[in-house]
1. Enumerate the amide H contacts of ALA51 below 5 Å, restricted to partners 5 or more residues apart or on another chain; note that Pro and chain-start residues carry no placed amide H.
2. Using modelled backbone amide H atoms (1.01 Å from N, in-plane), which distant-in-sequence or interchain residues come within less than 5 Å of ASN16's amide H?
3. Under 15 Å from a point placed 7 Å out from the Cα of CYS79 along the Cα-to-Cβ direction: which residues of segment 1-25 have their backbone N that close?
4. Rounded to the nearest 0.05, what FRET efficiency is calculated for GLU15 and ILE66 with R0 set to 30 Å and r the Cβ-Cβ distance?
Amino acid sequence: MNYQCEICHYIYEPENGDPESGVDPGTPFNELPGDWLCPRCGIDKSSFEMAGSDAKIPKGKDPLLIMVQGLTQGLWTICWKWILFSDPSNWSNLPGRTEIQGI
Ligand SMILES: [Zn+2]
């Protein structure tokens, strides 16, 4: 079963896992570590909801959109890691955990 982030609409697909965060392919959503965060926006697991297997991002439909999404995700991942490793006290100030949750 896939799960989708309510914030950024990232789809967690168990067959792919999240190798960037050390999650092996084949890991069901409910076996993800409790501190796992959305690789795209950084929200925690509680903001994910079940998504049907057909709720995939329409790959191939709009190459520009896919490219922009990929770029955004890549930049965010870099920024997130940079902030985290340069000054851990910034971690709680990251957007996505509280601010975005209220929308
Ligand atoms: Zn997200």
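1. Under 5 Å from the amide H of ALA51: ASN2, TYR3, GLN4.
2. Excluding prolines and chain starts, which carry no amide H, the hits are GLY26.
3. Under cut-off, by backbone N: 8.
4. Efficiency, rounded to the nearest 0.05: 0.95.
Read-outs throughout are calculated quantities, based only on the coordinates presented, and are distinct from any laboratory measurement. Predicted model, so just to flag it, every value in this text is computed and none were measured. Note that we place each Cβ from the backbone using ideal geometry, even for glycine, and neighbour counts take in every protein chain shown.
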